[in-house]
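Undergrad: Sending over a structure as structure tokens; questions will come in a sec.
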Amino acid sequence: MQVHIRVPAEWEEQRAVLLSFPHKNSDWNDDLNSALSVFVRIAQAIAYKEAVYIVCDNTQNIKELFCSTNNMSFIELSTNDTWCRDYGVISIEENGVTKFLDFTFDGWGGKFEASLDNSVNRALHQKGYFGSTNLQTIDFVLEGGSIESDGIGTILTTSECLCNPNRNGGLSKDVIEQKLKEYLGASRILWLDYGYLAGDDTDSHIDTLARFVNQNTIAYVQCKDENDEHYEELSKMEEQLKSFKTSDGKPYTLAPLPMASAIFDDNGSRLGATYANFLITNHALLYPTYGIKEDNEAKECFEALFPHLEIIPINCKRLIEQGGSLHCSTMQIYK
């Protein structure tokens, strides 16, 4: 029998969303309460109509942060950090059956310790959170934030991340394409060769730059300020996006998102604020805000792009202080 594999698009029906909460032994310990408040807000926004799996170091302490724990499961596991987008399972559909892939996570090319994070999927599987479906552990580095799927065989990604020598020894595009076709059932790969965000540890994850909104539309970060350090790279990225074609050979509808005003940490380093790091759930579109003037413009963009969903802002200023944002903090699991 011929095997047909695909990665569901984010807007398809989800079973649950996985979150991994900050704890005292993580990088958030300098102000743990402020970090936890953001994760509580994310969990509450999702749990209104969708299940949430919350990985945490102490289930009782985390439960006490919520007024209601309806639709929430609390799972006590040890983790290094909170960015489960990159170490959580990647769901695939194989001949109509959902399966889960556990790729290797190496802390974004060995930048950070990741041994605990790299064991989370197997622990969740042992506890039954993936049902009776087999979990396939794969000796290949691939992070969830590095790929976007349109649900019909197209994978959007960046060459800076997937071809980086710090992942899989720096394999060529041809070799990586074969891996993505084998594991994800991809029929074609759209490679972005430009675009980055200052303060980003991921080597240009696609979910910080450009996202599928539907099979024919890509939302992307647009920089209009010629004095911004990102202007040249993001302008080249925009031009490359214009050259991409849908699976039926038509140009994509491109939906620009505003470039966030520069936000700096206490040491004067720019933080990786991006509106592309939104999350689509079964009932809502959650988008990051940063307490800056572009927040309202981003809201208007999302209202136009997702008229059928509730639009929920989440202040993610605290998240970008640790190098990620809203989408980075979550991973959807499919039915």
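Readers should treat all values here as calculations from the given coordinates under stated rules, not as data from a laboratory. Quick caveat, the model's predicted, so the values are computed rather than measured. Here Cβ is always computed from backbone atoms with ideal geometry, including for glycine, and neighbour counts include all displayed protein chains.
Undergrad: As I understand it, the dipole of region 169-314 uses +1 on the Cβ of Lys and Arg and -1 on the Cβ of Asp and Glu, about the Cα centre. Which of PRO307, ASN216, PRO288 lies farthest toward its positive end?
TA: ASN216
Undergrad: Between region 33-68 and region 291-335, what is the C-alpha centre distance in whole Å?
TA: 17 Å
Undergrad: Still on this structure: Kindly work out what percent of the DSSP beta bridges joining two residues of region 225-335 are antiparallel, to the nearest 5.
TA: 40 percent
Undergrad: When DSSP assigns beta bridges and you keep just the ones with both residues in the chain, what percent turn out antiparallel, to the nearest 5?
TA: Numbers: 22 of 54 bridges.
Bridges in the chain that DSSP calls antiparallel: roughly 40 percent.
Undergrad: Rank the residues CYS84, CYS163 as a footprinting-exposure proxy: fewest other Cβ atoms within 10 Å of their Cβ go first.
TA: Details: CYS84 25, CYS163 19.
The order, fewest Cβ neighbours first, is CYS163, CYS84.
Undergrad: In whole Hz and in residue order, list the ³J(HN,Hα) couplings for region 108-113 that follow from phi through the Karplus curve 6.51 cos²θ - 1.76 cosθ + 1.60, θ = phi - 60°; x for Gly and Pro.
TA: 6, x, x, 6, 9, 5
Undergrad: Report the residue, chosen from GLY195, GLY88, GLY291, that carries the largest GNM mean-square fluctuation when the chain is represented by alpha-carbon nodes joined by springs under 10 Å.
TA: GLY291
Undergrad: Once you compute Rg and the Kirkwood Rh from C-alpha atoms, what is the Rg to Rh ratio for region 5-334? Present the calculation step by step, with values, prior to reporting the outcome.
TA: Values: Rg = 18.4 Å, Rh = 19.8 Å.
Taking Rh as the inverse mean 1/r over Cα pairs, Rg/Rh reads 0.93.
Undergrad: Of the candidates GLY323, GLY199, GLY170, which one comes out as most mobile in a Gaussian network treatment of the chain with C-alpha springs shorter than 10 Å?
TA: Sorting by GNM fluctuation, first place goes to GLY170.
Undergrad: Just how large is the dipole of region 5-334 about the Cα centre, in debye to the nearest 20, putting +1 at every Lys and Arg Cβ and -1 at every Asp and Glu Cβ? List each step's numbers first, then the result.
TA: Details: 27 positive and 49 negative charges, 191 e Å.
Approximately 920 debye in magnitude.
Undergrad: Which whole-percent values make up P(r) of region 137-227 when all C-alpha to C-alpha distances are grouped in 5 Å steps starting at zero?
TA: Taking all Cα pairs of region 137-227, the binned fractions are 3, 13, 25, 25, 19, 10, 4, 2, 0, 0 percent.
Undergrad: When only DSSP loop residues count, what trypsin sites (Lys or Arg not before Pro) in region 213-275 have their Cβ near at most 14 other Cβ atoms within 10 Å?
TA: Numbers: sites: LYS224, LYS236, LYS242, LYS245, ARG270; in loops: LYS224.
Answer by residue number: LYS224.
Undergrad: Strictly over 22 Å apart at the Cα level, which of LYS181/LYS245; LYS24/LYS317; LYS24/LYS127 would you flag in this model? Can you show the working numbers first?
TA: On the way: LYS181/LYS245 19 Å; LYS24/LYS317 20 Å; LYS24/LYS127 24 Å.
Beyond 22 Å between Cα atoms: LYS24/LYS127.
Undergrad: Can you compute the helix-only [θ] at 222 nm over the chain? Use -39500 (n - 2.57) per DSSP H run of at least 4 residues, normalise by all residues, nearest 500 deg cm²/dmol. Write down the numbers at each step before the final one.
TA: Numbers: 10 runs with 81 residues, N = 335.
Counting only the DSSP helices, I get -6500 deg cm²/dmol.
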